[in-house]
Amino acid sequence: MTLNDKIYKWLDDRFKLSELLPPIVKHPAPLNVVSNPLYCLGGTAFLCFLILVITGIFLAMYYKPTPAEAYKSVEHIMTAVPMGSLIRSVHHWAANTMIAAVMLHMMRIYFMGAYKKPRELNWVVGISLLLITTTFGFSGYLLPWDQLAFWATKIGTGIAGSIPVIGGYISLILVGGNDIGAETLTRFFAIHVMILPIAIATLLGLHFMMVRIQGISGRL
Ligand code: HEM
């Protein structure tokens, strides 16, 4: 018996893996999925998300969300932290790639009609995932606290503020006062590293559960 077999048996005796795993891993996929790379776009978005979580945790170890220290802490990450510039760049590019992958994934769903019955609810969950993904990008943009970040946020919160009736409240909640400042930075940080990760993890769980229950669209 190899070491792998021994480990598997040890786990199997305790968690009944041989009963639990087959229905999860032995699942027929439609033939068109296996041969068509367009079906990899959702998985690509998820891979980007995992990379963002890992690199984001490392960035959070050095980043300081105060107006006096935010810019300096990013500079410190870029110049003094070992592999800091690599980790920040990977975070940046994974974020851009995730947005592109989610948009293309949505187009694949739309043009292939994969949103139709019984997958309507998964389309709705998907739209929420798209909103969360773009809000991740928007909230992360302010964190370096440079001129580009400041003015992009000024414009973004201004657009949110121009929504009829509720715009004023949304802008107040986001900005935390009359102008972009310390309150805005801590709010965006909390949104970026706490609220959105919890929201996206919950919705991804729902999204994948529905894909599993309903199966991927297409002929088996
Ligand atoms: C964080 C963003 C998202 C991730 C990680 C994700 C991930 C996935 C994965 C891995 C699949 C399996 C099949 C495939 O990859 O094509 C899938 C299927 C699906 N996704 Fe997404 N998705 C995301 C966003 C969206 C969006 C924005 C929509 C639409 C508005 C959407 C709607 C759907 C639907 C309807 C299916 C079932 C497709 C079928 O059965 O052919 N998803 N998603």
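The values are calculated or read from the model by the stated rules, or taken from the named source; none is laboratory data. Every value quoted in this text rests on a predicted model; they were computed, and no experiment measured them. In this analysis, Cβ positions are derived from the backbone assuming ideal geometry, glycine residues included, and neighbour counts consider all displayed protein chains. Note: accessible area is taken over every heavy atom of the protein model, side chains too, but ligands, DNA and RNA are not part of it. Shrake-Rupley method; radii C 1.70, N 1.55, O 1.52, S 1.80 Å.
The table below lists the values:
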read-out	value
Test: residue in the range 121-137 that is within 11 Å of the ligand (Cβ to nearest atom), open to solvent by 80 Å² or more (accessible area, probe 1.4 Å), farther than 30 Å from Ser73 by Cβ and touching a residue at least 60 places away in the same chain (Cβ under 8 Å)	yes
Where a residue in the range 80-94 is polar (S, T, N, Q) and its partner, wherever it lies, is part of a helix (DSSP H, G or I) and open to solvent by 60 Å² or more (accessible area, probe 1.4 Å), with Cβ under 8 Å and at least six apart	Ser85/Met78; Ser85/Thr79
Counted residues, the range 148-184 - those being under 20 Å from Asn96 (Cβ atoms) and open to solvent by 40 Å² or more (accessible area, probe 1.4 Å)	3
Residue in the range 139-147 that is within 15 Å of the ligand (Cβ to nearest atom), in a helix (DSSP H, G or I), aliphatic (A, V, I, L, M) and touching a residue at least 24 places away in the same chain (Cβ under 8 Å) present	no
All helices (runs of 4 or more DSSP H) inside the range 153-220 with 1 or more residues being within 11 Å of the ligand (Cβ to nearest atom), over 14 Å from the mean Cα position of the chain (by Cα) and among the polar types (S, T, N, Q)	196-214
Residue in the range 185-220 that is surrounded by the most Cβ atoms within 10 Å (Cβ to Cβ), counting only those that are in contact with a Pro (Cβ under 6 Å, 6 or more places away or on another chain) and among the β-branched types (Val, Ile, Thr)	Ile216
Unique match (being of a type in the set (A, V, I, L, M), under 24 Å from Gly56 (Cα atoms), part of a loop (DSSP other than H, G, I, E, B) and more than 14 Å from the ligand (Cβ to nearest atom)) among Val90, Val81	Val81
Number of positions in the range 5-30 that are open to solvent by 80 Å² or more (accessible area, probe 1.4 Å) and either among the charged types (D, E, K, R) or in contact with an Asp or Glu (Cβ under 6 Å, 6 or more places away or on another chain) (or both)	7
Inter-residue pairs, beta-carbon under 9 Å, first open to solvent by less than 30 Å² (accessible area, probe 1.4 Å) and in the range 98-111, second more than 9 Å from the ligand (Cβ to nearest atom), 6+ apart	Met98/Ile51; Met98/Leu52; Met98/Phe136; Met98/Gly137; Val102/Thr134
Per-region count, the range 8-48, residues over 30 Å from Leu130 (Cβ atoms) and of a type in the set (Ser, Thr, Tyr)	2
Ile109, sole failed condition from (1) over 21 Å from Met209 (Cβ atoms); (2) in a helix (DSSP H, G or I); (3) in contact with a Phe, Trp or Tyr (Cβ under 6 Å, 6 or more places away or on another chain); (4) not aromatic (Phe, Trp, Tyr)	(1)
Total residues in the range 35-70, condition within 12 Å of the ligand (Cβ to nearest atom) and under 23 Å from Ser217 (Cα atoms)	12
